[in-house]
Amino acid sequence: MSANAIKEDIIQLQILQAAQQLFQKHGFQKVSMDDVAKAIGKGRSSLYYYYKSKDEIFEAVIDAEIKDILNEIGKVMEKADTIEEKIRAFCTAKIRIVRKRRSFFVALEAGMNADEMSRYAQKKQEMNKRMINEETALLRRELGGDSQQLDMVIFVLLSSLRGLKQQLFVANDFTQVDAAIDTLTRMTVHELKR
């Protein structure tokens, strides 16, 4: 890789890190291209070399978040030995990471008007689909297989985990999370053994 390519990668990373921090602090609506440029010590025109708009930067920030989440979950799963441990590790990591990063996603919505909320809702749906596809691929790799039964078990596991996560956040009570994950893990392993 050339020195110029490395420099460009570093600048892109700086843009994304600055944008992520600004979005979290001020919400998507209140952040401008000028704000991002100022945060990295560049002119706004420099940003346009890498990203055409704030929306494009936002998408890149979300892509980076998804990649980070999946890498973190993958590392935890790799350390587990049995299928049961891998499933429990996946569920526990997913809940922990979502709890940790929730404030970022809540802050993004701050100050959005109806049109931006609508576009953001579409982006969230796209992000959710992508996340499900990536998590499904990760679980297939880690659980060793590619069959209709495994796909259905993964679908039910991911759907159940999303529902569990939603209920935990609505109730704002995580005292039962370990017991719920243990139950979900046992049910999933039982179904995989059939």
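The values are calculated or read from the model by the stated rules, or taken from the named source; none is laboratory data. No experiment lies behind these values; they were computed from the predicted model shown. In this analysis, Cβ positions are derived from the backbone assuming ideal geometry, glycine residues included, and neighbour counts consider all displayed protein chains.
Return the pairs, sorted by first residue and then second, in which the second residue is part of a helix (DSSP H, G or I) and surrounded by 19 or more Cβ atoms within 10 Å (Cβ to Cβ), the first residue lies in segment 15-28 and is touching a residue at least 24 places away in the same chain (Cβ under 8 Å) and among the small types (Gly, Ala, Ser), the beta carbons are less than 7 Å apart, and the residues are 6+ apart or on different chains.
Ala19/Val36; Ala19/Ile57; Ala19/Val61; Gly27/Leu108
Restricting to segment 106-129, what's the tally of residues that are under 11 Å from the mean Cα position of the chain (by Cα) and within 16 Å of Ile57 (Cβ to Cβ)?
The number of residues fulfilling the criteria is 1.
Looking at (1) under 30 Å from Lys30 (Cα atoms); (2) surrounded by fewer than 17 Cβ atoms within 10 Å (Cβ to Cβ), which is the only condition Ile95 fails?
Failing condition for Ile95: (2).
Just give me the residues in segment 109-118 being of a type in the set (A, V, I, L, M) and at pLDDT 70 or above, in sequence order.
Those that are of a type in the set (A, V, I, L, M) and at pLDDT 70 or above: Met112, Ala114, Met117.
Residues Lys67, Lys124: which one is surrounded by 14 or more Cβ atoms within 10 Å (Cβ to Cβ) and either touching a strand residue (DSSP E or B) at 6+ places or on another chain (Cβ under 9 Å) or part of a helix (DSSP H, G or I) (or both)?
Lys124
So, Gln14, is that one in contact with a Gly (Cβ under 6 Å, 6 or more places away or on another chain), farther than 28 Å from Leu138 by Cβ and polar (S, T, N, Q) or not?
Spelling it out, it is not the case that Gln14 is in contact with a Gly (Cβ under 6 Å, 6 or more places away or on another chain), farther than 28 Å from Leu138 by Cβ and polar (S, T, N, Q).
Of (1) of a type outside the set (Asp, Glu); (2) touching a residue at least 40 places away in the same chain (Cβ under 8 Å); (3) in contact with a helix residue (DSSP H, G or I) (Cβ under 8 Å, 6 or more places away or on another chain), Asn113 satisfies all except one. Which?
(3)
If a residue has to be without any contact (Cβ under 8 Å) to a residue 40 or more places away in the chain and either closer than 24 Å to Met117 by Cα or buried (at least 17 other Cβ atoms within 10 Å of the Cβ) (or both) to count, how many in segment 29-39 make the cut?
7
Among the residues of segment 155-194 satisfying the criterion of being β-branched (Val, Ile, Thr) and exposed (fewer than 13 other Cβ atoms within 10 Å of the Cβ), which is farthest from Arg130 (Cα to Cα)?
Filtering segment 155-194 for residues that are β-branched (Val, Ile, Thr) and exposed (fewer than 13 other Cβ atoms within 10 Å of the Cβ), the one farthest from Arg130 (Cα to Cα) comes out as Thr175.
Scan segment 132-155 and report the pairs whose first residue is under 21 Å from Ile95 (Cβ atoms) and touching a residue at least 12 places away in the same chain (Cβ under 8 Å) and whose second residue is exposed (fewer than 14 other Cβ atoms within 10 Å of the Cβ) and basic (Lys, Arg), with Cβ atoms within less than 9 Å and a gap of 6+ or a chain change.
Partner pairs satisfying both residue conditions: Glu134/Lys67.
List pairs: first in segment 178-194 and on the phi < 0 side of the Ramachandran plot, second among the charged types (D, E, K, R), Cβ under 7 Å, 6+ apart or cross-chain?
If the second residue must be among the charged types (D, E, K, R), the pairs left are Ile181/Arg88; Thr185/Glu84; Thr185/Arg88; Val189/Glu84.
Consider segment 99-125. How many of its residues are in contact with an Asp or Glu (Cβ under 9 Å, 6 or more places away or on another chain) and within 17 Å of Arg162 (Cα to Cα)?
2
Does segment 45-62 include one or more residues that are free of Cβ contacts under 8 Å to residues at least 60 places away in the same chain, farther than 23 Å from Arg102 by Cα and within 20 Å of the chain's Cα centre (by Cα)?
Checked segment 45-62: no residue is free of Cβ contacts under 8 Å to residues at least 60 places away in the same chain, farther than 23 Å from Arg102 by Cα and within 20 Å of the chain's Cα centre (by Cα).
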